[in-house]
There are 2 protein chains.
Amino acid sequence: MAAVAELSTPSYTKTHLVHSSQLSFSSTHLHSHRRVAFRPLPRTQNARISCSVAPNQVQAPAAPPQTVDPKTKTECFGVFCLTYDLKAEEETKSWKKLINIAVSGAAGMISNHLLFKLASGEVFGPDQPIALKLLGSERSLQALEGVAMELEDSLFPLLREVSIGIDPYEVFQDAGWALLIGAKPRGPGMERAGLLDLNGQIFVEQGKALNAVASRNVKVIVVGNPCNTNALICLKNAPNIPAKNFHALTRLDENRAKCQLALKAGVFYDKVSNMTIWGNHSTTQVPDFLNARIDGLPVKEVIKDKKWLEEEFTESIQKRGGVLIQKWGRSSAASTAVSIADAIKSLITPTPEGDWFSSGVYTTGNPYGIAEDIVFSMPCRSKGDGDYELVKDIQFDDYLLKRIKKTEAELLAEKRCVGHLTGQGIPVCDLPEDTMLPGEM
Amino acid sequence: MAAVAELSTPSYTKTHLVHSSQLSFSSTHLHSHRRVAFRPLPRTQNARISCSVAPNQVQAPAAPPQTVDPKTKTECFGVFCLTYDLKAEEETKSWKKLINIAVSGAAGMISNHLLFKLASGEVFGPDQPIALKLLGSERSLQALEGVAMELEDSLFPLLREVSIGIDPYEVFQDAGWALLIGAKPRGPGMERAGLLDLNGQIFVEQGKALNAVASRNVKVIVVGNPCNTNALICLKNAPNIPAKNFHALTRLDENRAKCQLALKAGVFYDKVSNMTIWGNHSTTQVPDFLNARIDGLPVKEVIKDKKWLEEEFTESIQKRGGVLIQKWGRSSAASTAVSIADAIKSLITPTPEGDWFSSGVYTTGNPYGIAEDIVFSMPCRSKGDGDYELVKDIQFDDYLLKRIKKTEAELLAEKRCVGHLTGQGIPVCDLPEDTMLPGEM
């Protein structure tokens with residue numbers, strides 16, 4: 001993360017330092033981008049502003065360097081190319097240090113909701129300036145420019161930098177957070193193994209890029225599916241970043257589970273706590289009604305309908321994405337974005353006393369006897385420092401253990417399928433059945 | 001607005017009081033809606049919950065009445081059918097009274113961004129519980145259910161009621177805010193006069209409905225285009241609501257104008273203030289660089305390029321919607337939603353000292369000599385009470401006055417075009433040219 005005190009130098013000088021050989025912007029796009037939104041200041045005017053107002057009232061705009069490689073100059077977008085010393089202004093001097101948030105799949109619908117939530121300050125708080133680093137593809141670069149223009153037009157005070165690119169080695173530079181949303185959808189006739197391989201390749205590259213250029217303490221949330229195994233591939237390719245820092249998003253499943261329990265119990269959803277999703281973000285996921293609580297009471301003491309809990313409850317969560325697509329004609333971008341924001345907030349604010357949240361995290365060292373070296377959704381608590389610990393006092397019964405075994409077996413099979421991507425040998429793909437959730441990307 | 005203290009009675013009993021004759025839900029849709037999300041509590045379980053926990057820790061869920069007209073019962077959606085007494089719970093007893101926010105075009109893309117912003121608390125604040133009343137069409141009712149499901153899955157603590165419907169007389173009931181986003185797009189070969197008539201009809205009905213059932217102090221923001229004249233039609237059909245309460249959204253134009261001035265001046269956008277958009281939300285709109293300020297200085301002292309200000313600046317704002325569609329493949333839903341949130345916040349928080357904001361408001365009594373009895377974007381200040389006053393100390397020069405006259409002439413022509421919808425006689429349509437903004441709905 002760049003220190004704010006250093007930000008009085010123009011932000012794009014940073015790009016001289018690293019990876020200029022890996023820049024992969026299309027010059028055609030850049031031309032139109034510059035024409036639309038990037039207008040370097042005439043030097044005379046620049047000088048005028050910095051002289052004609054009182055100190056502390058205004059910052060001199062950063063003067064564009066006279067000779068700059070045009071490839072590096074265009075990392076930033078439009079008004080976000082102008083970077084100031086936040087420490088010198090009355091309103092902003094108490095702000096925290098700027099953090100870099102990298103988002104892949106940035107031109108997609110989930111990001112289109114998430115980016116504006118991040119920029120508004122509602123996730124990281126009203127004193128946390130942010131830089132958004134948007135990763136797209138050659139095909140989506142124009143759309144990324146559209147997203148950046150809408151971010152400009154939104155005038156978010158905390159949003160101090162926006163840059164767009166298609167090379168993860170550039171976009172992930174100094175990232176404090178990496179929200180990996182982009183993944184390819186399954187093509188017609190593609191087997192699940194094919195999808196694992198196709199998307200796995202993306203996460204090999206992104207893992208390597210994070211390992212090379214991100215903050216050593218970057219927090220990574222993998223949303224692109226199959227997210228557990230993608231997260232495993234990603235962390236295996238980033239050996240210099242703690243495996244503990246990688247998450248696979250199961251928060252939407254947790255939120256849906258809370259809502260379904262609330263509906264069944266006839267209470268508002270804020271009464272449901274201690275909701276664990278165990279395992280894979282797939283139809284084998286295990287929403288845990290043994291440990292969850294309603295108004296502080298065990299679920300089973302409130303909902304006596306055992307058949308509903310054991311048979312319909314899980315299905316109601318699994319099927320929700322499909323029902324939404326039927327009704328709404330597209331997948332659940334808005335609530336997915338909300339759940340990503342929830343996942344971040346759970347890591348940067350202390351978990352309420354006695355409660356926990358679910359996240360797909362690395363199993364090595366887990367206290368539940370779950371197989372090591374996979375990414376498995378488990379109950380977590382955080383002190384609000386970005387880190388988490390697994391919750392110790394969890395009950396298990398035969399029903400819960402049997403289902404945990406099933407989702408564990410699936411994740412172990414997925415892992416065998418991607419041995420070539422994790423450095424763990426020749427892949428052997430014996431996936432039992434297709435368990436992708438309906439309505440997933 | 002319903003008093004919170006009254007909310008311990010089931011919310012749907014309210015619907016007995018009014019307009020049951022005007023209910024227009026499709027029973028087919030309702031059937032599937034109930035099946036998916038509305039599960040009345042078995043009375044035994046209900047009784048159990050209310051007895052098994054200590055007072056003040058939990059509210060007994062509102063018991064569904066035993067005999068209720070199925071049409072009225074299904075106004076609410078899923079988990080939002082359960083309403084509690086917020087005053088009885090520790091965390092919520094200091095909250096403000098629930099407000100009803102009606103949103104039309106609720107299944108569209110702008111709403112899909114806006115509704116989640118409203119529900120999150122970022123617009124109305126962390127102690128303001130809200131009820132969202134979603135107005136759609138017969139065609140969009142399934143999609144509305146999808147939106148409501150995603151709102152359920154987002155677990156927003158402040159969102160206490162969601163209801164969906166297609167009859168404005170029902171949806172606008174007790175509305176404290178009406179955000180009128182829905183409008184029809186122009187069909188192939190349709191003249192602008194045809195569009196004015198087509199959308200005008202919608203706003204006749206919605207104005208009458210607001211007049212009949214909304215809060216007497218409802219604030220109305222019209223977003224559906226042509227928004228100025230739609231707002232005029234709406235207020236003319238709601239004679240019992242103060243004309244001052246109706247707004248046409250020009251905030252996205254204001255935000256874009258600030259960003260373009262910042263880009264040109266080489267400063268961050270938070271340095272631009274006092275930005276007025278005068279007139280119609282169309283290509284005749286007048287972004288006012290005579291009165292706007294950059295770092296507290298008049299724009300013309302900072303940006304010396306008179307040709308840019310007089311020719312390119314306005315065009316850069318007008319064309320932005322079209323450029324976005326080219327790049328992004330769809331219109332600017334996210335930044336439009338941000339600007340609606342900004343417009344609301346400007347009315348419920350005191351305007352910063354010396355600054356103002358733009359809104360399309362009713363001209364009768366304006367101090368600028370603008371023709372009376374139209375809706376015209378002008379500079380406003382608010383004490384944060386939902387109301388506003390027009391700013392007095394505004395400068396005019398010949399250039400500004402000439403352009404204001406042109407946009408005024410356009411709005412007067414639009415008004416003559418819709419005389420049959422405002423009760424002002426036979427329409428005479430002599431619109432000079434097509435001035436719809438590119439990329440507008």
Problem set entry | Of all residues in region A:241-259 being outside any helix (DSSP H, G or I) and not aliphatic (A, V, I, L, M), the one that is nearest to the other protein chains (Cβ to nearest Cβ) | A:250
Exercise. Which one of these does residue A:277 not meet: (1) part of a strand (DSSP E or B); (2) open to solvent by 30 Å² or more (accessible area, probe 1.4 Å)?
Worked result: (2)
For this session: Return the total of residues in region A:373-412 being part of a helix (DSSP H, G or I) and open to solvent by 20 Å² or more (accessible area, probe 1.4 Å).
Result: 9
Exercise. Do the conditions hold for residue B:151, that is, is it assigned to a helix (DSSP H, G or I) and over 20 Å from residue B:217 (Cβ atoms)?
Worked result: yes
Exercise. Quick one: what pairs do we get from region B:319-341, first residue within 8 Å of chain A (Cβ to nearest Cβ) and free of Cβ contacts under 8 Å to residues at least 40 places away in the same chain, second open to solvent by 10 Å² or more (accessible area, probe 1.4 Å) and assigned to a helix (DSSP H, G or I), C-beta under 6 Å, 6+ apart or different chains?
Worked result: B:327/A:142; B:328/A:143
Exercise. Can you name the residue in region A:267-314 that is out of contact with any Asp or Glu (no Cβ under 9 Å at 6 or more places or on another chain) and among the basic types (Lys, Arg) and is also nearest to the other protein chains (Cβ to nearest Cβ) among such residues?
Worked result: A:304
Seminar exercise, completed: Restricted to region A:342-356 and to residues being away from chain B (no Cβ under 12 Å) and not β-branched (Val, Ile, Thr), the residue farthest from residue A:99 (Cα to Cα) is A:354
Seminar exercise, completed: In region B:329-343, residues that are touching an Asp or Glu at 6+ places or on another chain (Cβ under 9 Å) and open to solvent by 20 Å² or more (accessible area, probe 1.4 Å) total 2
Problem set entry | Tally, over region A:172-201, of residues that are in a helix (DSSP H, G or I), open to solvent by 10 Å² or more (accessible area, probe 1.4 Å) and in contact (Cβ under 8 Å) with a residue 24 or more places away in the chain | 4
Problem set entry | Qualifying positions in region B:120-140 - part of a helix (DSSP H, G or I) and more than 9 Å from chain A (Cβ to nearest Cβ) | B:138, B:139, B:140
Exercise. From B:245, B:225, B:237, which residue is modelled with pLDDT under 95, touching an Asp or Glu at 6+ places or on another chain (Cβ under 9 Å) and among the polar types (S, T, N, Q)?
Worked result: B:225
Seminar exercise, completed: Within region B:72-119, the residues that are away from chain A (no Cβ under 11 Å) and part of a helix (DSSP H, G or I) are B:72, B:73, B:87, B:88, B:110, B:118
Exercise. If you check residue B:365 against the conditions, is it over 28 Å from residue B:196 (Cα atoms) and in a loop (DSSP other than H, G, I, E, B)?
Worked result: no
For this session: Being assigned to a loop (DSSP other than H, G, I, E, B) and open to solvent by less than 10 Å² (accessible area, probe 1.4 Å) narrows it down to one of A:262, A:238, so name that one.
Result: A:238
For this session: Kindly list the number of the only condition in (1) free of Cβ contacts under 8 Å to residues at least 60 places away in the same chain; (2) more than 14 Å from every other protein chain (Cβ to nearest Cβ); (3) part of a helix (DSSP H, G or I); (4) open to solvent by less than 10 Å² (accessible area, probe 1.4 Å) that fails for residue B:229.
Result: (1)
Exercise. What is the one condition in (1) within 21 Å of residue B:389 (Cβ to Cβ); (2) surrounded by 23 or more Cβ atoms within 10 Å (Cβ to Cβ) that residue B:353 does not satisfy?
Worked result: (2)
Exercise. Does region A:289-307 contain at least one residue that is closer than 30 Å to residue A:101 by Cβ, open to solvent by 10 Å² or more (accessible area, probe 1.4 Å) and outside any strand (DSSP E or B)?
Worked result: no
Problem set entry | So residue A:154, is it touching a residue at least 24 places away in the same chain (Cβ under 8 Å), within 14 Å of chain B (Cβ to nearest Cβ) and crowded, with 24+ Cβ neighbours inside 10 Å | yes
Exercise. Would you call residue B:338 under 25 Å from residue A:77 (Cβ atoms), modelled with pLDDT of 95 or more and not small (Gly, Ala, Ser)?
Worked result: yes
Problem set entry | Hey, residue B:147 touching a strand residue (DSSP E or B) at 6+ places or on another chain (Cβ under 9 Å), within 14 Å of another protein chain (Cβ to nearest Cβ) and buried (at least 24 other Cβ atoms within 10 Å of the Cβ) or not | yes
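The values are calculated or read from the model by the stated rules, or taken from the named source; none is laboratory data. This one's a predicted model, so the numbers in the text were calculated from it and none came from an experiment. Neighbour counts run over all protein chains shown; Cβ positions are idealised from the backbone, glycine included. Accessible surface is based on the protein model in full, side chains and every heavy atom, while ligands, DNA and RNA are left aside. Shrake-Rupley method; radii C 1.70, N 1.55, O 1.52, S 1.80 Å.
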